[in-house]
Amino acid sequence: MKEKYDLLIVGSGVLGTFHAYHALQKGLSVAILEKNSKPEGATVRNFGQVVPSGMDRKWQNFGKESLNIYKDIQSQFDISIRQNGTVYLASNEEEMQLIEELHQINISNDYESNLLTKEQCLAKYAGLRSDYCTGGLFFPQEVTVEPSTMIHKLHQYMTANLGVDLFMNTTVLNTENRNEEVVATTSAGLEYKASKMIICNGSDFKILYPEIYNNSDLVVSKLQMLQTKPQNNYKLDGSILTGLTIRRYESFEECKSYAAIKAKENPDSFEKKYGVHILFKQALDGSVILGDSHEYAPAKDIDSLGFDLNMDIDNFMIEEAKKIIDLPTYEIQNRWFGMYSQCKNKDIFEHTIGENIHIITGIGGKGMTGSAGFAKHNIDKIFNA
Ligand SMILES: Cc1cc2nc3c(=O)[nH]c(=O)nc-3n(C[C@H](O)[C@H](O)[C@H](O)COP(=O)(O)OP(=O)(O)OC[C@H]3O[C@@H](n4cnc5c(N)ncnc54)[C@H](O)[C@@H]3O)c2cc1C
């Protein structure tokens, strides 16, 4: 431990880690403090789809910057980035209309996308059902990461090449502005000192500043995920997003037909009640990750979401997935849930204590996509302020 750092980061998920990364790029000294022996939050429980195509304009720009950052790191050190693109598969004329409109929007945003006919989709994605797909929109620049390994590899890279100090099993119980510095006190009674501190606590709202979160508009979302056994002799490239995603992701809200198409949906459907949309991504071992659902609670009531998995949701997702792609096997080897936090009225939660302690969380479902780009701007803002 140095006597004093330029920056302390609390939380080693993707948001905290990319803040550390950009500070190190500026030549600052940085320590990351993480309460677990390795990151166990949303950063390791997600799909690993890096999809600026699904974000609103502001976050699409952060996402595009993230693509460059991921690709640049990957060119020096394997952090599991694969550039296989993202596809949105339409299942009917309404969804076709929306992907055609999104294609036009992306032409004017200068972001590469290609409309695919039904035949092109069927040829590109093995097992895709002809009675499901009517066409697709493909984003060739987009990448995937392996959530179970990416953050660990990124930490290895940053330790070996950028000189970050990473302190695991280090729970920060208190932070304070003291004289000209900030101090983080851990459960072991150690004090870490720095000029500035950024707290990226994900959806942990009980340890530091619970009163701030309890009085905020932060909500937590619980998402259920499934993973099949490895598929034999089967390849599914990139991120596969389907009709219900077209009806859910923020980028489509800019399409002129969106509101009218949404107004026709049944508000009492199972997919609406549990926020289900169907996404596929093949992991490196050949298994396919399937998801997901969304159940919400205010930050202060996070425990009401429970620790169990709702089998009705899992069964619904498997049945819907079978209508889309005939995978060689739908035998499930793994089930889990993850949680992320988001604000009701803002795109991210930012709060400053004194001048030098910054809380940044609530990045929602866009953290693997947007963190690298967002953190670059935020480090510039915090250190040039
Ligand atoms: C199921 C699921 C699927 C998703 N799919 C995608 C996707 O495909 N694409 C995408 O872009 N996004 C996706 N997301 C969203 C993305 O995973 C999150 O936005 C992102 O991981 C949030 O990162 P974070 O660093 O803010 O939080 P976290 O990953 O939760 O990290 C917070 C860290 O802070 C630590 N911490 C908290 N308090 C303290 C303390 N007091 N002291 C020390 N350490 C502390 C925690 O232990 C934790 O490691 C998904 C999320 C889920 C749950």
Residues satisfying the stated conditions in segment 203-226, i.e. within 30 Å of I360 (Cβ to Cβ) and under 18 Å from the mean Cα position of the chain (by Cα): S203, D204, L218, V219, V220, S221, K222, L223, Q224, M225
How many residues are closer than 19 Å to Y258 by Cα and among the aliphatic types (A, V, I, L, M) if we restrict to segment 103-123? 3
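Answer yes or no: is there a residue in segment 269-291 that is open to solvent by 30 Å² or more (accessible area, probe 1.4 Å), more than 12 Å from L226 (Cα to Cα) and small (G, A, S).
No, segment 269-291 contains no residue that is open to solvent by 30 Å² or more (accessible area, probe 1.4 Å), more than 12 Å from L226 (Cα to Cα) and small (G, A, S).
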For segment 10-19, state whether one or more residues are touching a His at 6+ places or on another chain (Cβ under 8 Å), open to solvent by less than 10 Å² (accessible area, probe 1.4 Å) and in a loop (DSSP other than H, G, I, E, B). yes
From N61, N84, N68, which residue is of a type outside the set (K, R), more than 9 Å from the ligand (Cβ to nearest atom), farther than 28 Å from E181 by Cβ and touching a Ser or Thr at 6+ places or on another chain (Cβ under 9 Å)? N84
Selection within segment 341-385 - outside any helix (DSSP H, G or I) and at positive phi: G354, G362
Against the definition (open to solvent by less than 50 Å² (accessible area, probe 1.4 Å), of a type outside the set (K, R) and more than 20 Å from N169 (Cβ to Cβ)), how does Y5 come out, yes or no? no
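To keep it simple, each residue is scored yes or no on (1) more than 19 Å from E250 (Cα to Cα); (2) within 22 Å of the chain's Cα centre (by Cα).
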{"site": "M55", "(1), (2)": "no, yes"}
{"site": "K58", "(1), (2)": "no, yes"}
{"site": "S80", "(1), (2)": "yes, yes"}
{"site": "S91", "(1), (2)": "no, no"}
{"site": "E94", "(1), (2)": "no, no"}
{"site": "E100", "(1), (2)": "no, no"}
{"site": "I105", "(1), (2)": "no, no"}
{"site": "Y111", "(1), (2)": "no, yes"}
Is it true that some residue in segment 52-66 is without any contact (Cβ under 8 Å) to a residue 60 or more places away in the chain and over 27 Å from K262 (Cβ atoms)? no
3 or more residues surrounded by 21 or more Cβ atoms within 10 Å (Cβ to Cβ) and near the ligand (Cβ under 9 Å from one of its atoms): qualifying strands (runs of 3 or more DSSP E) within segment 134-235: 218-228
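Quick check, is A375 away from the ligand (no atom under 12 Å from the Cβ), open to solvent by less than 20 Å² (accessible area, probe 1.4 Å) and aliphatic (A, V, I, L, M)? Full working, then the answer.
Values: away from the ligand (no atom under 12 Å from the Cβ): no; open to solvent by less than 20 Å² (accessible area, probe 1.4 Å): yes; aliphatic (A, V, I, L, M): yes.
Considered against the rule, which asks whether it is away from the ligand (no atom under 12 Å from the Cβ), open to solvent by less than 20 Å² (accessible area, probe 1.4 Å) and aliphatic (A, V, I, L, M), A375 comes out as no.
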Flag for L284 being at pLDDT below 95 and farther than 24 Å from S130 by Cβ: yes
List the residue pairs whose Cβ atoms are under 6 Å apart, where the first residue sits in segment 89-117 and is surrounded by fewer than 17 Cβ atoms within 10 Å (Cβ to Cβ), the second is in a helix (DSSP H, G or I), and the two are 6 or more positions apart or on different chains. L115/H103
Sort out which residues of segment 38-52 are under 17 Å from V164 (Cβ atoms) and open to solvent by 40 Å² or more (accessible area, probe 1.4 Å), and write them in order of number. K38
Give D301, D308, D314 a once-over and let me know the one that is touching a residue at least 40 places away in the same chain (Cβ under 8 Å) and not aromatic (F, W, Y). D314
Taking the condition of being over 20 Å from the mean Cα position of the chain (by Cα) and open to solvent by less than 20 Å² (accessible area, probe 1.4 Å), how many residues in segment 244-258 meet it? 1
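The values are calculated or read from the model by the stated rules, or taken from the named source; none is laboratory data. What you see is a predicted model, and the numbers here were worked out from it, not measured in a lab. Please note: Cβ atoms are built from the backbone with ideal geometry, for glycine as well, and neighbour counts cover all protein chains shown. Quick note on the areas: whole protein, heavy atoms, side chains included, nothing else; ligands and nucleic acids left out. Shrake-Rupley method; radii C 1.70, N 1.55, O 1.52, S 1.80 Å.
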